[in-house]
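These notes concern the structure reproduced below.
The values are calculated or read from the model by the stated rules, or taken from the named source; none is laboratory data. Owing to the predicted nature of the structure, the values given are computational and were not obtained by experimental measurement. Cβ placement follows ideal geometry from the backbone for every residue including glycine, while neighbour counts extend to all protein chains displayed. Ligands, DNA and RNA are stripped out before the accessible areas are found, and what is left, the full protein with its side chains, is counted by its heavy atoms. Shrake-Rupley method; radii C 1.70, N 1.55, O 1.52, S 1.80 Å.
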Amino acid sequence: ESDAGDYTCVCGDKQSTASLAVHALPVLFKEELKNEEVQEGASVSLRCELTKAAAVQWKIGSKLLKASDKYQMRQSGTTAELVIHDLEVKDA
């Protein structure tokens, strides 16, 4: 998208200009989340990979999760990860 704009070819005192529009591709899941079974009290890491870097949100049901001692969110390039610490039965 940052390549969009007006481009000009100049030859002496003559020039030709064209406008370039770049349409963004949608972000898709390259690798989706996988189901996990973990013992109570342990930690689990949920990871997914996108087709391009983009901001993600983590939810449980409709509740938006926020970073805390229990929930750790990391993102590096196209990979997003949620680590849940000290798992309880209610975290399922």
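Here are the numbers for this structure:
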{"read-out": "Selection within segment 1-31 - part of a strand (DSSP E or B), acidic (D, E) and farther than 18 Å from T51 by Cβ", "value": "D6"}
{"read-out": "Filter result for K34 (open to solvent by 70 Å² or more (accessible area, probe 1.4 Å), farther than 28 Å from D3 by Cα and not in a strand (DSSP E or B))", "value": "yes"}
{"read-out": "Cβ pairs under 8 Å, 6+ apart, first in segment 67-79 and of a type in the set (A, V, I, L, M, F, W, C), second in a loop (DSSP other than H, G, I, E, B) and open to solvent by less than 60 Å² (accessible area, probe 1.4 Å)", "value": "M73/W58; M73/L65"}
{"read-out": "Considering residues of segment 37-58 that are among the small types (G, A, S) and under 22 Å from E88 (Cβ atoms) only, the residue most open to solvent (accessible area, probe 1.4 Å)", "value": "S43"}
{"read-out": "Close pairs from segment 40-57: first assigned to a strand (DSSP E or B), partner surrounded by 13 or more Cβ atoms within 10 Å (Cβ to Cβ) and of a type in the set (G, A, S), Cβ under 6 Å, at least 6 apart", "value": "C48/A80"}
{"read-out": "Segment 59-76: number of residues that are more than 18 Å from the chain's Cα centre (by Cα) and open to solvent by 100 Å² or more (accessible area, probe 1.4 Å)", "value": "3"}
